[in-house]
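Before any comments, here is the structure.
The values are calculated or read from the model by the stated rules, or taken from the named source; none is laboratory data. Computed from a predicted structure; not experimentally measured. When we count neighbours, we look across all protein chains shown, and the Cβ atoms used for this are built from the backbone with ideal geometry, even at glycine. These area figures cover heavy atoms from the full protein model, side chains too; ligands, DNA and RNA do not enter into them. Shrake-Rupley method; radii C 1.70, N 1.55, O 1.52, S 1.80 Å.
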Amino acid sequence: MSDHRDGVPEEAADGEDATPDGGHASATPSTHTVRLELVDEPGQLLAALHPIADNGGNLLSIYHERGNKTPRGRIPVEVDFEATQEHFEGIVESLRTEGVNVMQAGTERYAEEVTLLLFGHLIDTDLSDTLSRIEACESASVADVSLAAPQGTEQSSSARLRLEARAGETEAALTAVRELADQKELRLVEPLTGVEA
């Protein structure tokens, strides 16, 4: 079998787009996110994770907000994992074969991380909507959320958000969060920048 790169210097060949036939990039894991819609029944989350593990995915995080429902009355779940492109495609196909509704699937590459605090009526202003709108800015992904509501959901609560931003787009992500906090009358505590630890 002839290689289409015959006669091309090795340095030039390395710069070409990789192909599934063994190119370098096809074997390099990257971060992927899938947004799933699960039936609210015991074992559904575990069943959705099996195709990821069975097809070579390395689980990074799961965002599962059981109190929030999709318009079809199901639970939205976001799963981040590492996998090669080939494995990612197999994972998505396997999820669909198993009857899991994949609402969105894509590759996301992030290089910068920032932690923020939000204070206010996070539950009353729909925390799931807040997180979805942050994700919609495309500059960042919500990597982790910790919610604290010591006085119950009727009072003010706080959330620590860890965002992963694309290289050079941290400010755009912060601007999106600032605007959202203003719209929902939430207080935002941003990370200190330009200060040595």
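Considering the stretch 137-163 alone, what residues qualify as being among the aliphatic types (A, V, I, L, M) and open to solvent by 70 Å² or more (accessible area, probe 1.4 Å)?
Residue satisfying the conditions is Leu147 alone.
For the stretch 164-175, give me the residue count where each residue is surrounded by fewer than 20 Cβ atoms within 10 Å (Cβ to Cβ) and touching a Ser or Thr at 6+ places or on another chain (Cβ under 7 Å).
Our first condition is that a residue be surrounded by fewer than 20 Cβ atoms within 10 Å (Cβ to Cβ); within the stretch 164-175, this holds for 166-169, 171-172, 175.
The next check asks that each one be touching a Ser or Thr at 6+ places or on another chain (Cβ under 7 Å); those that pass are 166, 169, 172.
Residues that pass the stated criteria total 3.
Would you please list the contacts, defined by Cβ atoms under 7 Å and residues six or more apart or on different chains, that run from a residue in the stretch 129-142 that is small (Gly, Ala, Ser) to a residue that is assigned to a helix (DSSP H, G or I)?
Filtered contacts from the stretch 129-142: Ser139/Ala172; Ser139/Ala173; Ser139/Ala176; Ala140/Ile134; Ala140/Ala173; Ser141/Glu135.
Only one of these conditions is not met by Pro76: (1) farther than 25 Å from Ser156 by Cα; (2) crowded, with 17+ Cβ neighbours inside 10 Å; (3) touching a Ser or Thr at 6+ places or on another chain (Cβ under 9 Å). Which number is it?
(1)
Can you name every residue in the stretch 50-79 that is in contact (Cβ under 8 Å) with a residue 40 or more places away in the chain, of a type in the set (D, E, K, R), under 18 Å from Leu127 (Cβ atoms) and out of contact with any helix residue (DSSP H, G or I) (no Cβ under 6 Å at 6 or more places or on another chain)?
Glu78
Check whether at least one residue in the stretch 87-100 is under 17 Å from the mean Cα position of the chain (by Cα), on the phi > 0 side of the Ramachandran plot and modelled with pLDDT under 90, and report yes or no.
no
Residue by residue through the stretch 40-59, note down the ones that are outside any helix (DSSP H, G or I) and surrounded by 15 or more Cβ atoms within 10 Å (Cβ to Cβ).
The answer is Asn55, Gly56, Gly57.
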